[in-house]
Amino acid sequence: MSRVLLIDNEIKSIDEIKKILLSLDPFCVIESYDSLQKFEKDAIAAEPEFFKFNLILIEYQLAKFNEWEAKLSYLKSKVPVESVICFTSYDAPTVSRKYILNLAPFNLLYKPYDPLILKESLNMALKTSENLKEQIKPFEMKPQPSTAFVGILKDVDIVSICDLGFVTENTTQIPINNFSKYYSKLFSHEKKQSVWAQCIQSELKPGTTDTFISKFHFVGIEAAVLMQLRKYLQENKSRRAKTTVWNFADNKISRKLSIALINVSESQSQLKKDIEEHFKNVTVEVLVIDVKTSPEPMTGDYDCVINLDPELGIDALKAMFKPEVVCLLLAEKPITDEQFKELLPVYRDIYRLPLDRSYFYKKLKTLLADLQCTELPEVINITSSEKFKATNLVKLSEICELYLIFTYHRELPKQSYREFAFITEDENQMIQLPAFCSFTKKADPEPGSQVSGFEHQFNFWGMTDHYLKQIRVWLLHNYIEKNQNEST
């Protein structure tokens with residue numbers, strides 16, 4: 001038997017919620033008030049037993065926004081720790097989602113209610129208050145199995161930026177070679193507003209113990225985005241960064257480097273000569289490899305391998321060259337997110353053809369520090385207070401309008417909130433939804449892998465009618481795409 005506290009000044013809203021609660025639990029006891037003042041008056045003289053509620057539903061607009069922190073603090077001090085608190089509200093200009101999210105209620109239920117979402121949300125809230133150790137399944141809703149990718153979003157503070165990459169300041173150290181997708185209006189072009197970037201340095205900020213300066217370089221950046229970024233840098237070059245973070249000076253110890261070009265096409269036949277002219281201490285060898293035969297290990301001691309043949313797979317590349325070699329890919333066609341996830345653990349950089357040669361040679365120097373430039377390039381590196389959104393892509397196993405399930409390499413805290421990006425072809429229309437972690441468990445390793453992660457269930461938070469329509473369209477596309485893939 002559940003016990004619910006319902007505080008709302010709308011009879012229609014109270015009746016809707018009562019009807020659904022009794023359909024979920026016919027023996028549910030519901031204490032209802034039409035104002036906070038009446039509840040608080042009764043609470044003053046109430047016995048401890050009075051506060052034993054499984055679920056508490058409060059209309060947010062019954063108090064001023066600056067009163068809620070104190071009111072919730074008082075309420076939480078009285079009710080059991082497993083009690084679930086939700087707000088209800090209309091989507092009004094005075095209702096700040098961000099402020100309510102900071103108050104950390106279990107959910108925000110928008111009026112007018114979507115009957116199915118309300119029923120499933122109340123079911124989720126009741127079951128969460130009763131048992132935090134089990135994954136909660138929908139009451140009526142049927143979730144979809146899925147293998148689509150979504151992004152976990154995180155705000156990133158930018159210290160400086162140039163046409164090679166950017167520098168961030170954060171409280172955790174970023175693993176070297178870790179890569180993510182970053183969203184910003186600075187990268188906006190047609191249907192895109194994102195770039196991929198990879199961490200190439202992450203160190204403690206001098207004089208601190210918990211602040212890290214991390215350096216990222218762009219990977220696979222589109223020519224149009226590069227041009228737009230350079231325009232922005234020229235317009236703001238008065239804000240040049242004082243510290244040198246992109247250094248092209250020669251190393252004190254000089255050595256000869258060797259670069260291999262794989263299957264150079266006729267249009268790129270000049271590349272070997274160009275590389276040797278741009279750097280004083282490099283030799284370039286052109287390799288012709290039959291991609292249809294089994295690869296054999298290369299005898300040459302190469303520092304860098306540049307692959308121009310999309311038919312040469314990453315397994316073949318790894319079989320031919322030593323693990324520490326810097327592998328680069330030159331691609332004529334756009335690279336999808338799923339391809340990036342597969343390629344970037346092997347390739348340190350991916351370039352789009354035709355090559356932006358200024359960008360290409362500066363990036364080569366950042367990856368091969370021992371290269372000696374014939375002429376030092378210019379880099380406009382400016383300070384910035386921009387905020388990027390970083391996305392770590394995760395593969396879904398299940399999704400519906402209520403929640404999503406995925407496996408992640410580390411365990412995320414229960415009741416913690418994350419913002420999820422549902423990637424669409426037109427990134428200007430990308431859906432971004434907050435969700436909170438309701439369940440985690442150790443996951444079995446994927447076939448062929450020794451590494452196990454953690455399965456997570458995240459429940460969507462504050463689903464408006466607008467977001468519901470968007471997520472339902474995304475689910476429809478996901479369903480169609482999944483069935484098409486299975487049929488082929």
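Please treat every number below as a calculation from the coordinates, not as lab data. Keep in mind it's a predicted model, so treat the numbers as computed, not measured. Cβ: placed from backbone, ideal geometry, glycine included. Neighbour counts: every protein chain shown.
Sort 57, 396, 344 so the one with the fewest other Cβ atoms within 10 Å of its own Cβ comes first. Mind dumping the intermediate values first?
Working: 57 27, 396 18, 344 21.
So the residues, fewest neighbours to most, are 396, 344, 57.
Identify, among 216, 187, 201, the residue whose Cα sits farthest towards the positive end of the charge dipole of segment 167-223, taking +1 on the Cβ of Lys and Arg and -1 on the Cβ of Asp and Glu, with the dipole about the Cα centre.
187
Given the options 384, 299, 319, identify the residue whose Cα lies farthest towards the positive end of the charge dipole of segment 295-423 (+1 on Cβ of Lys, Arg; -1 on Cβ of Asp, Glu).
384
Dipole of segment 3-130 (Lys/Arg Cβ +1, Asp/Glu Cβ -1, origin at the Cα centre): which of 60, 115, 99 lies farthest to the positive side?
In segment 3-130, that residue is 99.
Roughly how many Å is it from the Cα centre of segment 249-291 to that of segment 319-365, as a whole number?
Result: 15 Å between the Cα centres.
Using Cα-Cα distances under 8 Å and only pairs 6 or more residues apart, what relative contact order does the chain have, in percent? All intermediate terms of the calculation are to be shown ahead of the outcome.
Values: 866 pairs, mean separation 81.1, N = 488.
It comes to 17 percent, rounded to a whole number.
For the chain, what is the calculated [θ] at 222 nm in deg cm²/dmol (nearest 500), taking -39500 (n - 2.57) for each run of four or more DSSP H residues and dividing by its residue count?
Working: 11 runs with 126 residues, N = 488.
Mean residue ellipticity, 222 nm, calculated: -8000 deg cm²/dmol.
Given the peptides 257-267, 240-250, arrange them by the average over their residues of other C-beta atoms within 10 Å, most packed first. Please report the intermediate quantities before stating the final value.
Details: 257-267: 17.2, 240-250: 13.8.
Highest-to-lowest ranking by the protection proxy: 257-267, 240-250.
Fewest first, what order do 474, 196 take by the number of other Cβ atoms within 10 Å?
Values: 474 18, 196 21.
The order, fewest Cβ neighbours first, is 474, 196.
Please determine, in degrees from 0 to 90 and to the nearest 10, the orientation of helix 68-78 with respect to the longest principal axis defined by the Cα atoms of the chain, where the helix direction is its Cα long axis.
Its long axis makes an angle of about 60 degrees.
Report, in debye and to the nearest 20, how large the dipole of segment 257-346 comes out about its Cα centre when Lys and Arg carry +1 and Asp and Glu carry -1 on their Cβ.
Working: 8 positive and 17 negative charges, 22 e Å.
The calculated dipole for segment 257-346 is roughly 100 debye.
Assigning unit charges at the beta carbon (Lys, Arg +1; Asp, Glu -1) and nothing else, what dipole magnitude in debye, to the nearest 20, does the chain show about its Cα centre?
On the way: 60 positive and 67 negative charges, 208 e Å.
Using Cβ point charges on Lys, Arg, Asp and Glu, the chain gives about 1000 debye.
Would you mind ranking 157, 301 so that the residue whose beta carbon has the fewest other beta carbons within 10 Å leads the list? Don't skip to the answer; put the middle values down first.
Working: 157 14, 301 9.
Exposure proxy ranking, most exposed first: 301, 157.
Relative to the longest principal axis of the C-alpha atoms of the chain, give the angle of the C-alpha long axis of helix 115-130, reported between 0 and 90° and rounded to the nearest 10°.
90 degrees
Go through (i) 53, 25, 19; (ii) 47, 40, 24; (iii) 44, 28, 20 and flag the label whose value is the computed semi-axes √(5λ) of the Cα gyration tensor in Å for this structure.
The listed entry that was calculated here is (i).
Taking the 0 to 90 degree range and rounding to the nearest ten, how far is the long axis of helix 11-24 tilted relative to the main principal axis of the chain, both from C-alpha atoms?
Between helix and principal axis, roughly 80 degrees.
Are there GluC sites (Glu not before Pro) in segment 318-360 that DSSP marks as loop and that have at most 13 other Cβ atoms within 10 Å, and which are they? Show your work: numbers first, answer last.
Values: sites: 324, 332, 338, 342; in loops: 324, 332.
Listed in order of number, the matching sites are 324, 332.
Could you give the semi-axes, largest first, of the ellipsoid that matches segment 257-346, computed as the square roots of 5 times the alpha carbon gyration tensor eigenvalues and rounded to whole Å? Can you show the working numbers first?
Details: eigenvalues 85, 52, 36 Å².
Its equivalent ellipsoid spans semi-axes of 21, 16, 13 Å.
Once you order the gyration tensor axes a ≥ b ≥ c over the Cα atoms, which shape class does segment 3-130 get: rounded for a/c under 1.5, otherwise prolate or oblate by comparing a/b with b/c?
Numbers: a/c = 1.38, a/b = 1.01, b/c = 1.37.
Rounded, since a/c falls under 1.5.
Treating only the Cβ atoms of Lys and Arg (+1) and Asp and Glu (-1) as charged, compute the dipole magnitude of segment 82-127 about its Cα centre; round to the nearest 20 debye. Intermediate results must be reported in sequence, preceding the final value.
On the way: 5 positive and 4 negative charges, 15 e Å.
The dipole magnitude comes to about 80 debye.
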